[in-house]
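The values are calculated or read from the model by the stated rules, or taken from the named source; none is laboratory data. Quick caveat: nothing in here was measured; it's all calculated off a predicted structure. Cβ coordinates were reconstructed from backbone atoms using ideal geometry, including for glycine residues, and neighbour counts include every protein chain displayed. The protein model used for the area step is the full one, side chains on, heavy atoms only, and it has no ligands, DNA or RNA in it. Shrake-Rupley method; radii C 1.70, N 1.55, O 1.52, S 1.80 Å.
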Amino acid sequence: MAQSAREELGTTDAPEEDQVVEAFHRIVDEGAQRLHRSWREVLTTGLAGGLEVATGVVALLAVYAETGSHLLAGLAFSIGFIALMLARSELFTEGFLVPVTAVVAGRASPAQLAKLWSGTLVANLVGGWLVMWLVVHALPELGATAVESGRTFVEAPLDLRAVSLALLAGAFITLMTRMQHGADSEAGKLAASVAGAFLLAGLVLFHSILDSLIIFGAIHHGAPYGYGDWLAWFWYTTLLNVVGGLVVVTFLRLVRSKELIERERSAAGA
């Protein structure tokens with residue numbers, strides 16, 4: 001009877017709660033679609049994502065070279081996130097909320113999540129590597145800027161500061177994803193993209209894909225550091241991005257949506 005009285009007031013217990021329910025179902029439906037892609041679709045979508053993020057990196061380097069301001073460069077980087085959103089491509093670090101929610105809701109398997117994550121990660125890096133090779137040869141002055149910027153990451157010791165920067169990056173980009181799915185208009189989604197880019201690039205957080213592309217550009221330009229230095233930074237940054245996205249944001253959303261998840265799992269027969 002309590003449940004019936006609650007439903008009389010709306011899908012849940014308040015009008016604003018109805019919007020949360022609608023956003024939850026959008027997230028689950030989209031996550032299920034993404035997780036049921038074939039390997040070909042995962043790799044091509046991830047490759048496109050790497051190419052599009054690289055456009056933001058180019059803008060970031062160009063603005064930083066001219067202004068020396070990380071904050072302005074962060075705003076310029078939003079071009080990459082806007083391109084990702086409009087082109088419907090895939091970025092590895094955007095996979096910490098939507099696909100995970102679909103798996104928890106019983107609409108896909110952990111193996112499918114592993115396929116999406118691994119294929120997207122590799123494809124993002126390959127696409128970004130290719131674009132940065134072209135950029136450095138077309139605009140060598142940006143290569144010098146990439147060398148300077150890349151030192152921030154490859155020379156960073158694995159200490160509390162580095163861990164915190166990587167955790168925040170994972171949390172902030174997952175929050176950006178949540179904001180985009182909660183927005184009812186394209187303008188709201190664009191605003192979320194700009195906000196996410198400003199936080200990630202403007203504050204120079206440790207983001208596994210964005211910063212890898214900067215490092216790749218530096219290596220293409222002949223930086224005094226190489227792929228071994230990149231890998232020593234990349235492994236822990238990627239791991240902590242995942243932890244930041246899952247624990248700080250996704251876990252809280254899953255707890256908030258506990259009843260909805262139980263209904264979804266029951267409907268899916270999980």
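Does residue 86 count as free of Cβ contacts under 8 Å to residues at least 12 places away in the same chain, closer than 20 Å to residue 173 by Cα and not β-branched (Val, Ile, Thr)?
yes
Considering only region 69-83, I want to know if a residue exists there that is surrounded by 18 or more Cβ atoms within 10 Å (Cβ to Cβ) and of a type in the set (Phe, Trp, Tyr).
Within region 69-83 (the criterion being surrounded by 18 or more Cβ atoms within 10 Å (Cβ to Cβ) and of a type in the set (Phe, Trp, Tyr)), the answer is yes, since at least one residue qualifies.
If you take the residues of region 102-131 that are of a type in the set (S, T, N, Q) and in contact with a helix residue (DSSP H, G or I) (Cβ under 8 Å, 6 or more places away or on another chain), which of them is surrounded by the most Cβ atoms within 10 Å (Cβ to Cβ)?
The selected residue is 124.
So which residues in region 212-235 are open to solvent by less than 10 Å² (accessible area, probe 1.4 Å) and among the hydroxyl-bearing types (Ser, Thr, Tyr), if there are any at all?
212
Taking the residues in region 33-56 that are without any contact (Cβ under 8 Å) to a residue 40 or more places away in the chain and among the polar types (S, T, N, Q) as candidates, determine which candidate is nearest to residue 121 (Cα to Cα).
Looking at residues that are without any contact (Cβ under 8 Å) to a residue 40 or more places away in the chain and among the polar types (S, T, N, Q), I get 38.
Any residue in region 148-174 that is over 16 Å from residue 244 (Cα atoms) and open to solvent by 20 Å² or more (accessible area, probe 1.4 Å) sitting within a Cβ distance under 9 Å of a residue that is at pLDDT below 95 and in a helix (DSSP H, G or I)? List the pairs, counting only those 6 or more apart or interchain.
Hits for this filter: zero, empty list.
Can you tell me which of 123, 146 is more than 14 Å from residue 60 (Cα to Cα) and of a type in the set (A, V, I, L, M, F, W, C)?
123
Restricting attention to region 250-270, which residues are in a helix (DSSP H, G or I) and open to solvent by less than 20 Å² (accessible area, probe 1.4 Å)?
So in region 250-270, the residues in a helix (DSSP H, G or I) come out as 250-256, 258-268.
If the condition is that a residue be in a helix (DSSP H, G or I) and open to solvent by less than 20 Å² (accessible area, probe 1.4 Å), then 250, 261 are the ones that fit.
Which condition breaks for residue 247 when tested against (1) surrounded by fewer than 16 Cβ atoms within 10 Å (Cβ to Cβ); (2) of a type in the set (A, V, I, L, M); (3) at pLDDT 95 or above?
(3)
If residue 40 passes every condition in (1) crowded, with 24+ Cβ neighbours inside 10 Å; (2) over 18 Å from the mean Cα position of the chain (by Cα) but one, which one does it miss?
Of everything listed in (1) crowded, with 24+ Cβ neighbours inside 10 Å; (2) over 18 Å from the mean Cα position of the chain (by Cα), residue 40 misses just condition (1).
I need a count of the residues in region 84-96 that are more than 18 Å from residue 112 (Cα to Cα) and open to solvent by 10 Å² or more (accessible area, probe 1.4 Å).
The qualifying residues number 4.
Filter region 184-226 down to the residues that are within 13 Å of residue 60 (Cβ to Cβ) and in contact with a His (Cβ under 9 Å, 6 or more places away or on another chain) and list them by number.
200, 201, 202, 203, 204
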